[in-house]
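Chemist: Next up is a structure, given as structure tokens.
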Amino acid sequence: MKKSYTCPLDVVSLKVAISDPSTEVGVEFPAFEAFDSRRDQSIVFDNFSLSISLLAANIRQLENDNAAGVHRPIAITIVDKVSDQLLVFEKLWVTIPKDDVSKQMRIDIPLCADRIDFNGLFVICLHDIFTDKLLIEKEVVFFDERDQNPIAKDWIVEGASISPHFSEKKFRSYKADESTHFKLCFDLARLNEYHTSDFPEMEIRLFFPDGSVKRDFCTVRFDSFDDCDAGKYRAEICFNAFKKAMGVCYAELLCLEEAINGFVFSIDDNATEGVWTRNELQIMDYYDVDSYTKRYEKLKENIIENNGYRKDDSDGLLFSDSDFDRALDDFISSQLSEESEDSEKTDDDSDNEDVTPEPDSEGVSDSKEEESFMSAISKLTGLKSVKEKLCSYEKLVRFNKMREEAGLATYRAPLHAMFLGSPGTGKTTVARRMGVMLRKAGVLSKGHIVVRERATLVGKVYGSEEEKTLEAIEEAKGGILFIDEAYQLYQPNDPRDPSRMVIETLMTALADESNRDWMLILAGYKDEMLRMFEMNPGLKSRIPESNIYIFDDFSEVELMEIAENYLHNNQYTMTTDAQDAIRSRLSSDYACRDKTFGNARHVINLIQTEILPSMASRVVDQDNIDVESLSLIKLCDIPVSRNRTQSSRPRIGYCA
């Protein structure tokens, strides 16, 4: 019988994904829904697999229902188009039964980053081996995660806006009807320049009020022809204002699956012309309409309708604390002693995000209130060394107050401090409690806390740093000025960096003996803060070693304790299997942590953005829903860890 050399096979689509045991594609098989045909750029690490999903069709079956099936070998090659070097050759047999028209298949090809030339452009080709017919091809680009260029950190979002299709103007909000066609734009700048053909692909995810998500890949391009040399770029997508979009939406820009920035806007509000600026942008830690709306309303309050100026432009009153940070702080505070009066707690509903309201005295005896400070602090998870130092400090404060009440001479204990540690370890919570304790001891007149960071102290106008710093000190008078990530104020390699004026202004204020009714707390990562501390003799003279508090990362056991406390406080229970799965997940996350690991923030983020949404999807599909089903977390609700043991890059974002 003569063999037919007419190829009956066609490959309709070809999709690729990078996989390892920590990714969705690596954990599940075949996981076809996790592949995206639009993605052609990927970050790779030491050892990974290139997963290929293909849809093959029997051409004969399309032409004749009684045609024979297909059993045919194809060759998969990956070639570097720049060097013309063959990277991969794999043989795959495609079998489509007689009664089927098509078949979806997956193949995983193990690769090593050391074999890849990251300056190359690779093309994946599928050929029919018998006829050498090219069935399909796809170009892909690989980026080395160990390389610092390009990654998401090279890109800065300078602004974001929406524009109706009929207008060249940019808007923060717009009153639209269901037929309006919009363009959503992120204005970008980059820290490092490289050839435009090497741009990493960007993706915009648009979250609508009804919970649906629009995902679109976009090409980064120059903002205009005149901006080619100015390093100004934009990434944009278009969308229609259907009914589901009416209200507050959230848009997030991702670079190679890592979130760069995001912004909230409304297309069901009075039109406000202008662009959301960098200080107004924020990556949302969880995605729900209440979060979008709350963020939007707070930004809206800070917009001055006259000429579109905003308070952050002139008064420095637009605050950078995220809703999630305050939710985290509220949760950590909820672990504190219930003996403390409600007025001591953080008022998370306050309009001013950076200033906690002044606590009101309720006539409770000072000794009882002071004793409750350490009782409350002791109930916080972990923080052993912090608790020990706070215990000594609180006793010294109480001792001085007793001497003062007895008419004896006292000396003023060193007040200013440094809180060193990773995010989510309770630094802000402890600072708030210290403010209350110091107010009751008579050391501070108010005890409130004012939170600032580099972005709110370094103004857009060069030379305004001293004014903004003095304003922050004045606002903190009687309480605590808490500067988060304070090491960002120290830029030794940039003599013209405006933040040096912030440090000089702080040093001048600390030296003013006539103004002792305030406390400065500098907070941030341990190594970076100690480096700044050693290089600034003025700081060392004002902050003794006894006032340097080390907030250690939580252990695996402590992370699980935080999770259990959070679920218990919010009226959730767990099956034994679910409890073991959460413990295993946190253990895996802990083992793969880096300096950006969020500690308590990571735990709450896991619960709010992964476990509870998974539980909700399961429960609402049930026929019989009772109180127990609304409260009981099961094993199937716990997601598998996505951490890569070989990777140090944090993955941010949300996959719809």
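Chemist: Once you've got the Cα coordinates, tell me which of Lys446/Lys477; Lys294/Lys446; Lys169/Lys294; Lys477/Lys526 are over 18 Å apart.
Modeler: Check vs 18 Å cut-off fails for Lys294/Lys446; Lys169/Lys294; Lys477/Lys526.
Chemist: Normalise the Cα radius of gyration of region 1-157 by 2.2 N^0.38 Å (N = residues in it) and let me know the number.
Modeler: This ratio for region 1-157 stands at 1.17.
Chemist: Counting only protein heavy atoms, what percent of the accessible surface of region 497-629 is carbon or sulfur at a 1.4 Å probe?
Modeler: 48 percent
Chemist: Rank these residues by their accessible area, most exposed first, probe 1.4 Å: His165, His127.
Modeler: Largest to smallest exposure gives the sequence His165, His127.
Chemist: Quick one: work out Rg over Rh on the C-alpha atoms of region 476-559, Rh as Kirkwood radius.
Modeler: In region 476-559, Rg relative to Rh is 1.01.
Chemist: Can you work out the accessible area per residue across region 1-121, with the rest of the protein chains kept in place, probe 1.4 Å, in square angstrom?
Modeler: Using a 1.4 Å probe on heavy atoms only, each residue of region 1-121 averages 52 Å².
Chemist: Tell me the accessible surface of Val627 in square angstrom (1.4 angstrom probe, heavy atoms of protein chains only), to the nearest ten.
Modeler: For Val627, the solvent-accessible surface is approximately 110 Å².
Chemist: Sticking with this structure for a sec: Give the accessible surface of region 251-294 per residue, rounded to a whole number of Å², with probe radius 1.4 Å and ligands, DNA and RNA excluded.
Modeler: So region 251-294 comes to 33 Å² accessible per residue, rounded to a whole number.
Chemist: How many percent of Cα pairs in region 15-70 exceed 17 Å?
Modeler: 49 percent
Chemist: Sticking with this one: I'd like the accessible area for Phe32: 1.4 Å probe, protein heavy atoms, all chains in place, Å² to the nearest 10.
Modeler: Using a 1.4 Å probe on the heavy atoms, I get roughly 50 Å².
Chemist: Taking a spot 7 Å from the Cα of Ile129 along the direction of its beta carbon, which residues of region 48-80 have an amide N less than 15 Å from it?
Modeler: 71-77
Chemist: For labels at Ser212 and Phe89 in the simple 7 Å Cα→Cβ model, what's the distance in nm?
Modeler: 4.9 nm
Chemist: Pick out, from Ala563, Gln488, His416, the residue whose Cα sits farthest towards the positive end of the charge dipole of region 413-571, with +1 on the Cβ of Lys and Arg and -1 on the Cβ of Asp and Glu.
Modeler: Value computed over the given set: His416.
Chemist: Using a 1.4 Å probe, how large is the accessible area of Met105, given in Å² and rounded to the nearest 10?
Modeler: 30 Å²
Chemist: I've got another one for you. Please give the charge dipole size of region 34-137, origin at the Cα centre, charges +1 on K and R Cβ atoms and -1 on D and E Cβ atoms. Round to the nearest 20 debye.
Modeler: Computed charge dipole of region 34-137: roughly 240 debye.
Chemist: Follow-up question, since we're still on this one. Can you tell me how much longer the chain between Phe242 and Ser385 gets when fully stretched, taken as 0.36 nm per residue apart minus their C-alpha distance, in nm with one decimal?
Modeler: Length gained, Phe242 through Ser385: 46.0 nm.
Chemist: Please compute, over every Cα-Cα pair in region 428-526, the percentage with a separation greater than 19 angstrom.
Modeler: Summing the P(r) tail past 19 Å for region 428-526 gives 42 percent.
Chemist: Okay, moving on. For region 520-562, count all C-alpha to C-alpha pairs, find those more than 17 Å apart, and express that count as a whole percent of the total.
Modeler: 41 percent
The values are calculated or read from the model by the stated rules, or taken from the named source; none is laboratory data. Just so we're clear, the structure is a prediction, and the values are computed from it rather than from any experiment. Glycine also receives a Cβ, built like all others from the backbone with ideal geometry; neighbour counts cover every protein chain displayed. Areas reflect the complete protein model, heavy atoms only, side chains present, ligands, DNA and RNA absent. Shrake-Rupley method; radii C 1.70, N 1.55, O 1.52, S 1.80 Å.
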